[in-house]
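The values are calculated or read from the model by the stated rules, or taken from the named source; none is laboratory data. Remember, it's a predicted structure, so these values are computed and weren't measured experimentally. When we count neighbours, we look across all protein chains shown, and the Cβ atoms used for this are built from the backbone with ideal geometry, even at glycine.
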Amino acid sequence: MPARNWIFAVAVALFLSLSTFSSAQDLQIVNAERRIDLSSHIVKAFLTLKVENIGKDPAADMLLAFPPTQIKNLAMVQALAVTGKKKKKTYLPLDVKPSEQPDAPNDAGYFLVSFATPLGPGEAVTLEVLYILTHSLEPFPVEITQSESQLVYYRDSAVVLSPYRIKQQTTFFKTPSTRVESFTSVEPANRAGKEIKYGAYEDRVPYSYAPVIVHFENNSPFAVVEELVREIEISHWGSLQITENYRLTHGGARHKGVFSRVEYQSRRSISGSSSFNALLAVLPPRVNSVYYRDNIGNISTSHLRTGFKKSELEFEPRYPLFGGWKATFIIGYRVPLEDYLFEAPDGRRYLNFTFGCPLVETIVNKLTLKVVLPEGSKDPSAVLPFAVNQDLQVKYSYLDIVGRTVVVLQKDNVVPTHNVPFQVYYTFKPIYMLAEPLMLVSAFFFVFVTSLAYVHIDLNIVKK
Amino acid sequence: MGGKQDPTANGSPKSESMGAKKASPDLLNSSFSFKSLKLKTKQQELLLRVSILGLVYVLAFIARLFSVLRYESMIHEFDPYFNYRTTLYLTEKGFYEFWNWFDSESWYPLGRIIGGTLYPGLMVTAALIYWTLRFLRFFVHIREVCVLTAPFFASNTTIVAYFFGKEIWDTGAGLVAAALIAICPGYISRSVAGSYDNEAVAIFALLLTFYLFVKAVKTGSLSWALGSAFGYFYMVSAWGGYVFIINLVPLYVLVLLITGRYSMRLYVAYNCMYILGMLLAMQIRFVGFQHVQSGEHMGAMGVFLLMQVFYFLDWVKYQLNDTKLFQTFLRITVTSAILVGGIALGVGTASGYISPWTGRFYSLLDPTYAKDHIPIIASVSEHQPTAWSSFMFDYHILLFLFPAGLYFCFKRLSDATIFIVMYGLTSLYFAGVMVRLILVATPAVCLISAIAVSATVKNLTSLLRTKQKVPQTGSTKGVGSSKSSSKVTLDQSQPFQKNGAIALLVGVFYLLSRYAIHCTWVTSEAYSSPSIVLAARGAHGNRIIFDDYREAYYWLRQNTPTDAKVMSWWDYGYQITAMGNRTVIVDNNTWNNTHIATVGRAMSSYEDEAYDIMRSLDVNYVLVVFGGVTGYSSDDINKFLWMVRIGGGVYPVIKEPDYLVNGEFRVDKGASPKMLNCLMYKLCYYRFGELVTEYGKPTGYDRARGVEIGNKDIKLEHLEEAYTTSNWIVRIYRVKPPTNRL
């Protein structure tokens, strides 16, 4: 398998480097430095680009290109424009959105970065780009035993894929430990401690590509949430109830053969080093009524620390997770309403809550976030800083007659950087709050009246 | 039918005894107007009675919530997991799917026709409660409904006990009976929150049927008899213990016939109840035509026919005025009836139309039967004969009040008291035969004890009250003229009697409060453990939770192929299918002894022999329960001899003496070689020899049995360790595929 991929990658590279790409030749990258952090299973790449306009017209935006193998695992791309000198640097977030290019060679994917101000001829700007890749570390060997440590492949290019000419560039790979089995050598390339350096390479034509493979040890927890359903239920009586359904799996090298408890508990450092059994969830401050359970009952191994800025829930699944093992569980908690529900100037109410997954260092393959509005709410709309699928549903809860409107937000491939606030706006008349208490009151009233009537009415046909 | 007079006569002293303070202002106000006061007392009495009943109702419910508070809202033990699983299926798939459910996840490769082999009463009840709540817009989880079904029905039982007590004695006895049964440990043991078992609703149905039947006998009304038939139907749908009703009721009728208490009321009540009850019971598939085909139900039919003969003779006697002719006719009829009945029974039994008594029935009549013939029944701890201590534990003062109550019953013999006496005595006998049947005896014991308490307290208080009034107003106050006349003779030894009465009353209340304390203690300490989660006290007094069962079951559920077959001893079958969601070879529904014996044989054979058996059963995983690390004593090693016995019962190659040394069961160095190398031993102690379990003890020290194990170097050839829980309580092994033979 790797060998075939390798040949394919080389072919792609050759093709890409030969093909000439006419558009957007007005820009060139003077200097590119890329640092790729491979220490966890979420691959973070920091790309510093110095872009110069060598054309005659001002350029409003530039393209970032990604090879097709990466584009499907790309969880997030952010760009910042850097202005100022060393000490007084200021960062300005730039608008990044995916873009389609009709003549993209070999299915390369693009993101369009719009400059804050169009780049005039001869001007240069420094950009900081962060992009995050998921599922990009491929375990090899695919199956390991309990005592083996986990080795993974990471595939990338030694040079930055770009539709522009790059005059000078370097790439650094940071591995979690000093144990690196092998790495492809593209001269000049060398390794020092936990860092592998490729470059510097001078003057590469657009769409240069030099595939490399790094094979290294990575025993960080490969905690992948295959599916997460978060339900936020708003009660205007004073609280938000959040219920999170997790389907967690260990996404690393699959466990093979026996699981020996004796070895696991006595030689923890070498036995089961790639497994994990402790997880950390960062919950909002002032959280209360926290529970942690699964389909068959409560799980007693959890610990909650509440704080002013955040609360931390440390918990363990019922069993340690080895490669390929799964665990499903539910976390639920309640937070006070006044911290998250506000009234907009136009009279509408809005919920301001955090998107994403509260577990640290986890990838969520599919996140469904349901905001259950109180019964009688109207005109819901959600505001998010990135694109998600939106949908509306109806849910019936305690004493509901018409049902509650549910705003469903769905997004794939979610990483911790997606934990940003989002808002859901809706209109609600406070009179609806009284509907349920009144129903209960009238029900009890009815019961008492009937019992009163029953006691007083004589149903006997024959008078005694 | 002296009901007209009773309530007024009984009611007012009762209200005094339960709340003496409230009644006394009444007596002071009595000078205002006689008529309004009387009504007021009656209302007050009603209010008091209703509020006491209400409190008892609530008490019965909350006393059973200890397990939820101590642990969590969860299903307990073994059988309830099956009931929960089927209820879940019923609520998800609907009634018809449930009725036709063929469960391929149990008894692999045989499967089980669930609809035809269970008593659906419990599941249908829970599902109906669930659907009602959902209809009322209470979106509860079905698990909560299941967990709280038992306490809810226990509360309902107290109400039935009240009416029953009222029927056989008076309202006072009814209230006391309700209070006693609400907290009686014998009943609580089977009805705490989470103990979602058939008995939870069955005791309610049992008492309801009896109450309605007694009421029907008392009134001779068709409607009560009809009610009792429906009560019986509910009981049949809920629990196999209905056999007790269908034998006790005819026995009672027979006793009434013999003692010359035959009446038209009895005729109506029994015939209606029997015929309708039988027809209704046939609708339950698991019971089917047993009412006309099984030996256990023949008594009821015999009594039914006997009643017809009785009625016929009565009619003939009425028609014939000649006594001599009637005598002859009687002789001929009775002889021929008995003859015909005997021949029918003989032919039926010989032709196999009427099945003989089952082993379970035999073992009830003869406590030693199961031990010799059916090891699978004898192996269950709740089928053991009852120890005296557990009677004391479950009944406490009721054990002493019971004979006193019997005395009162005999003193005021009526159709109803005869019934309760018979119910009490027969059920107490069965309770002595099997531990679990203490449950059936509990309502009777409570009712009869309640009569003792109520009658005693009433006598004492009336004694005290007449004392106070005799000097004041003389005999104009209406306490009951019949009583005051009898008191006159007693009035001679006044000072001693008054003090004695007070002392006795204090004694009674002391005893009753001890009872309440005992019940609370027993409930919280002994009967509220779910037995899935084990709790222990740590060295610093902190509570340690061993949640290994669920850890293992959840591991099975998540990390094994969905079609994996798990072999374990039958105790864990229901739990594995319910929590682990995997197919099991045998489970707690012990309908196929051979299949269980096969598993027992595999567990007690050498590994390669066991491997062949496991291959033939398609087993992928083997699960054993092992308490050597934690000192948990009800593990598979301690159950092992039963596996040997049950296995040996079908496969004579397994011999019990092979596993014993001089008649002693050991696991240490002195154990028999067969024991040290059988599959169960290997699976439990695999790599246990490397572990230090207790400070200052050698490696491989088994804390459950307190010995160092005899075989520390265990090699497994055909199995491999797949998972062991954190406290080693559950160990799961994977059966390797056969190696290629080239």
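A few comments on the model shown:
- Only one entry of B:Phe244, B:Phe230 meets the criterion of being modelled with pLDDT of 95 or more and among the hydrophobic types (A, V, I, L, M, F, W, C), and that entry is B:Phe230.
- Of the numbered criteria (1) of a type outside the set (Ser, Thr, Tyr); (2) without any contact (Cβ under 8 Å) to a residue 60 or more places away in the chain; (3) away from chain B (no Cβ under 14 Å); (4) at positive phi, the one A:Val408 fails is (4).
- Subset of region B:113-169 (residues that are assigned to a loop (DSSP other than H, G, I, E, B), among the hydrophobic types (A, V, I, L, M, F, W, C), over 19 Å from the mean Cα position of the chain (by Cα) and more than 14 Å from chain A (Cβ to nearest Cβ)): B:Ile114, B:Trp169
- Subset of region A:297-347 [farther than 19 Å from A:Phe276 by Cα, of a type in the set (Lys, Arg) and without any contact (Cβ under 8 Å) to a residue 60 or more places away in the chain]: A:Arg305, A:Lys309, A:Lys310
- Check on B:Val653, within 23 Å of B:Phe546 (Cα to Cα), at pLDDT 90 or above and among the aliphatic types (A, V, I, L, M): no
- For region A:229-333, the strands (runs of 3 or more DSSP E) that sit wholly inside it and include 2 or more residues that are surrounded by 18 or more Cβ atoms within 10 Å (Cβ to Cβ) and more than 11 Å from chain B (Cβ to nearest Cβ) are A:239-250, A:279-283, A:288-294, A:311-315.
- Strands (runs of 3 or more DSSP E) fully within region A:39-90 counting 3 or more residues that are in contact with an Asp or Glu (Cβ under 8 Å, 6 or more places away or on another chain): A:43-53, A:74-83
- Looking across region A:91-138, the residues that are part of a helix (DSSP H, G or I) and surrounded by 13 or more Cβ atoms within 10 Å (Cβ to Cβ) come down to A:Pro105, A:Asn106.
- Selection status of A:Val420, touching a residue at least 40 places away in the same chain (Cβ under 8 Å), more than 14 Å from chain B (Cβ to nearest Cβ) and surrounded by fewer than 12 Cβ atoms within 10 Å (Cβ to Cβ): yes
- Condition check for B:Tyr196: among the aromatic types (Phe, Trp, Tyr), within 14 Å of chain A (Cβ to nearest Cβ) and either within 27 Å of B:Leu280 (Cβ to Cβ) or surrounded by 22 or more Cβ atoms within 10 Å (Cβ to Cβ) (or both): yes
- Residue within region B:436-455 that is outside any helix (DSSP H, G or I) and touching a residue at least 40 places away in the same chain (Cβ under 8 Å) present: no
Per-residue answers, yes or no, for (1) in contact (Cβ under 8 Å) with a residue 12 or more places away in the chain; (2) closer than 25 Å to B:Leu110 by Cα; (3) in a loop (DSSP other than H, G, I, E, B):
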| position | (1), (2), (3) |
| --- | --- |
| B:Trp521 | no, no, no |
| B:Ala539 | no, no, yes |
| B:Tyr549 | yes, no, no |
| B:Leu556 | yes, yes, no |
| B:Thr577 | yes, yes, no |
| B:Asn588 | yes, yes, yes |
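- Looking only at region B:706-742, and only at residues there that are more than 12 Å from chain A (Cβ to nearest Cβ), charged (D, E, K, R) and out of contact with any helix residue (DSSP H, G or I) (no Cβ under 7 Å at 6 or more places or on another chain), the one that is nearest to A:Thr145 (Cα to Cα): B:Lys715
- Filtered by the rule that a residue be within 14 Å of another protein chain (Cβ to nearest Cβ), surrounded by 20 or more Cβ atoms within 10 Å (Cβ to Cβ) and part of a strand (DSSP E or B), region A:357-405 gives a lone residue, A:Val372.
- Of all residues in region A:343-368, those that are touching a Lys or Arg at 6+ places or on another chain (Cβ under 7 Å) and within 12 Å of A:Gln423 (Cα to Cα) total 1.
- Cβ pairs under 6 Å, 6+ apart, first in region B:401-423 and within 22 Å of B:Thr209 (Cα to Cα), second surrounded by 16 or more Cβ atoms within 10 Å (Cβ to Cβ) and among the acidic types (Asp, Glu): B:Ala416/B:Glu167
- Flag if B:Arg190 is more than 23 Å from B:Glu296 (Cα to Cα) and out of contact with any Leu (no Cβ under 6 Å at 6 or more places or on another chain): no
A quick yes/no check of all residues on (1) within 14 Å of another protein chain (Cβ to nearest Cβ); (2) within 30 Å of B:Ala452 (Cβ to Cβ); (3) at pLDDT 85 or above:
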{"position": "B:Phe496", "(1), (2), (3)": "no, yes, no"}
{"position": "B:Gly500", "(1), (2), (3)": "no, yes, yes"}
{"position": "B:Leu505", "(1), (2), (3)": "no, yes, yes"}
{"position": "B:Tyr510", "(1), (2), (3)": "no, yes, yes"}
{"position": "B:Ala516", "(1), (2), (3)": "no, yes, yes"}
{"position": "B:Thr523", "(1), (2), (3)": "no, yes, yes"}
{"position": "B:His540", "(1), (2), (3)": "no, no, no"}
{"position": "B:Arg557", "(1), (2), (3)": "yes, no, yes"}
{"position": "B:Thr560", "(1), (2), (3)": "yes, no, yes"}
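- Hits in region A:197-224 - residues which are part of a strand (DSSP E or B) and more than 27 Å from the chain's Cα centre (by Cα): A:Lys197, A:Tyr198, A:Gly199, A:Ala200, A:Tyr201, A:Glu202, A:Asp203, A:Arg204
- Qualifying residue in region B:666-673 (condition: loosely packed, with under 15 Cβ neighbours inside 10 Å, closer than 23 Å to B:Ile377 by Cα and at pLDDT below 90): no
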